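Enquirer: Once you've had a glance at the structure underneath, I'll fire off some questions.
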Amino acid sequence: MGQKDRVAAGLLAIFIGGLGIHKFYLGYNKEGIITLVISLATCGIGATVMSIIGLIEGIMYLTKTDDDFQYTYVEGYKPWF
């Protein structure tokens, strides 16, 4: 799958996590589409929840070491939290 930058993923999750852009960046297209649909279909109510989830995931990405991040989210398959 290749290397992914944990800082980029973390910042995407924190600032625009409600749209699921960090999921697409990490290659989790199904989860990115789910996040995007929830945010758009609920006229923004779901975007608040998705943004909180993005904030939590962004913090988790940024607190991991580069090796842990690669092992868990890039090489492994852990699309949520």
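Nothing in this text is a laboratory measurement; each read-out follows from the coordinates by a stated rule. This structure is a prediction, so every number in the text was calculated from the model and none was measured. Cβ sites come from the backbone with ideal geometry, for glycine too, and all protein chains shown count toward neighbours.
Enquirer: Taking the Cα centre as origin and putting +1 on Lys and Arg beta-carbons and -1 on Asp and Glu beta-carbons, what dipole magnitude results for the chain, to the nearest 20 debye?
Expert: Working: 6 positive and 7 negative charges, 42 e Å.
Here the size comes out at about 200 debye.
Enquirer: Full-extension gain between ASP68 and VAL37, please, as 0.36 nm times their residue separation minus the C-alpha to C-alpha distance.
Expert: 8.2 nm
Enquirer: LYS64: net charge of surrounding residues, Cβ under 15 Å, Lys/Arg +1, Asp/Glu -1, itself excluded?
Expert: Details: positive: LYS4, ARG6, LYS78; negative: ASP5, GLU57, ASP66, ASP67, ASP68, GLU75.
Residues near LYS64 contribute -3 overall.
Enquirer: Kirkwood Rh over alpha-carbon pairs of the chain, then Stokes-Einstein at 25 °C and 0.890 mPa s: what D in µm² s⁻¹, rounded to an integer?
Expert: Working: Rh = 12.2 Å.
My calculation gives 201 µm²/s for D.
Enquirer: Given the options THR42, TYR77, GLY27, identify the residue whose Cα lies farthest towards the positive end of the charge dipole of the chain (+1 on Cβ of Lys, Arg; -1 on Cβ of Asp, Glu).
Expert: Positive-most Cα among the choices belongs to THR42.
Enquirer: Suppose a student asked you for the relative contact order of the range 6-57, using Cα pairs under 8 Å spaced at least 6 residues apart; what percent would you report?
Expert: Details: 72 pairs, mean separation 22.3, N = 52.
After rounding, I find 43 percent.
Enquirer: Quick test of the membrane-span-like rule: which DSSP H helices of the chain reach at least 18 Å along their long axis (C-alpha atoms) with mean Kyte hydropathy at least 1.6? Intermediate results must be reported in sequence, preceding the final value.
Expert: On the way: long enough: 45-63 (28 Å, 1.67).
Within the chain the helices that satisfy the rule are 45-63.
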